[in-house]
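Accompanying notes for the structure given below.
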Amino acid sequence: MLEQEIKSMLLEGGAIKVGFATKETMAGGPPGADITYLLPEAQSAISFYVPFDKEMILKYLGKEDPSIRGIHEEENLEIHYIIWRAAQRVKHWLIEQGYKAISVIPNNHYRTDIPGWQVTLPPELSLRYLAVRTGVASFGWSGNVGTKEYGTAIILGGIVTDAKLEPTDPLPDSESFCDECKICTKVCAYQMFSPTEETTVTIGGNTFNYSKRMNKMRCFLTCGGSNGLHRSGKFSTWSPGRYDYPENDKEVSRLMSLAMTSQKKRPPIKDCSSGYQPASYGGNSNIQLTCANCQLICAGNPKETAQRYKTLVNSGCVIQSEDGSLEVFPPNKAKEVFESMPIKTQRLYYKDYKTKMKK
Ligand code: B12
Ligand code: SF4
Ligand code: SF4
């Protein structure tokens, strides 16, 4: 059976769970659910995931040591390679069997044919929609998908093919890991997703809910590394940026041009990993991972999630030294160290963009 062969290959390649969708089970959803965008002849799609290491998550959230950021980044990139290699193996095998197949590039790849794609970030195929419709995972409030075993700390893979595969069902509500504790909303420095408002999508006759995206550029600013300080001032991501919280879309836009320009003038973060260059931006932009808090905070069970939250809020704030290396201090000490830096250096990480806007 095709499905069995595919499943075995993916599990052997590092996947934990595998599911299947068809054109029919993905029908009627948002454009991101269209499996024929990547392959017009597509009849089916395959979903799978690979989890993060649980011990590393605690070290990363707790900023146990400045070297952890680089180690996490390398783990993240390695998981993406595992996914890509597993997907490519299945793709090649399907082609050898006489089918057409395409592997979904797992991240940072958008539909650049859509005007304004740089802000709306439309996926070629939404791996989250595919995962929830196939029952590989279910939606968490954050919009990340996950399972009771791993929470949302999983990375997704996918393949589309013209082979006709038997679809699998979405997980029943009783199997959902998300109890809507909303801890994920408390750890996003710039509140990319709403703590109260919901988005509902219907895919293949099934309805799925997750939080409304407020403005994706809020994540771009924080997860992209321009800003790190949480609006509470009590902890930061791994980014040394310290900009005030943008209250509205206008402030987000202003901060986008200002903070991203300053970020380019900072030394690259100096640790064991130098980041990566996503193809959608023509390889001109180097990303070093500094956040993923909303994804990594959720362990899939309330006890471990609470432990991760406590670890993160007590993890301190990051400051960058002149040579690019990062140091971690308690929040008040970090402020003191920052304010003792030359004004020229401070301006790489903070500017009063709000007062300037009002004038
Ligand atoms: C675009 C994108 C982003 C964007 C926007 C995220 C979003 N929309 O929620 C940004 C840069 C902000 C982002 C951030 C992150 N991402 Co990201 N990202 C993606 C990407 C490419 C697509 C996301 C997606 O499914 N969008 C569709 C839906 C979910 O978004 P939506 O805005 O609600 O869609 C609405 C409309 O836009 C419209 N719509 C939907 N699709 C389309 C398509 C078109 C063409 C149009 C016009 C409209 C449209 O309909 C929806 C309902 O109104 C995927 C890779 C992939 N190919 O799937 C990774 C992915 C979702 N990212 C991932 C991760 C891990 C992250 C981060 C944690 C960052 C990090 N350090 O890794 C954060 C998490 C933020 C969060 N809480 O959601 C993982 C998530 C894993 C998981 N467990 O869920 C993915 C699946 C990558 C992977 N291979 O695992 N991401
Ligand atoms: S932290 Fe996890 S369980 Fe809690 S609301 Fe967010 S996604 Fe759901
Ligand atoms: S990755 Fe970080 S900045 Fe982006 S939505 Fe999640 S918590 Fe917010």
To the nearest 10 degrees, the tilt of helix 2-12 (Cα long axis) against the first principal axis of the alpha carbons of the chain is 30 degrees
GNM on the chain, Cα springs under 10 Å; top mean-square fluctuation among Thr345, Thr147, Thr290 goes to Thr345
Counting sequence-distant residues (5 or more places) and residues on other chains, those with an amide H built under 5 Å from that of Glu124 are Arg111
Between Lys17 and residues 5 or more places away or on another chain, the pairs with built amide H atoms under 5 Å apart involve Tyr49
When Cys272, Cys181, Cys219, Cys298 are arranged by how many other beta-carbons sit within 10 Å of their Cβ, fewest first, they go Cys272, Cys181, Cys219, Cys298
Applied in sequence order to the range 316-322, the curve 6.51 cos²θ - 1.76 cosθ + 1.60 (Karplus, θ = phi - 60°) yields integer Hz couplings, x standing for Gly and Pro, of x, 10, 9, 10, 9, 7, 4
HN-Hα couplings for the range 307-314 via Karplus (6.51, -1.76, 1.60; θ = phi - 60°), in whole Hz with x for Gly/Pro, come out as 5, 5, 4, 4, 4, 5, 5, 9
Rounded to the nearest 500, the 222 nm mean residue ellipticity computed for the chain from DSSP H runs (n ≥ 4, each -39500 (n - 2.57)) alone is -10000 deg cm²/dmol
Computed ³J(HN,Hα) along the range 339-353: with the Karplus parameters 6.51/-1.76/1.60, θ = phi - 60°, integer Hz and x for glycine or proline, the list is 5, 8, 7, x, 3, 4, 6, 4, 5, 6, 10, 8, 8, 7, 6
For the chain, the Cα convex hull volume per residue in Å³ comes to 135 Å³
Once amide hydrogens are built 1.01 Å from N within the peptide plane, the residues lying 5 or more places from Ala189 or on another chain with amide H under 5 Å from its amide H are none
With Cα coordinates, the longest principal axis of the chain makes an angle with the long axis of helix 249-265, in degrees rounded to 10, of 80 degrees
Charge tally for neighbours of Val337 with beta carbon under 12 Å away, counting Lys, Arg as +1 and Asp, Glu as -1, is 0
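Throughout, read-outs are computed from the coordinates displayed, never taken from laboratory work. What you see is a predicted model; the values in this text were computed from it and never measured. All Cβ positions, glycine included, derive from the backbone under ideal geometry; neighbour counts span all protein chains shown.
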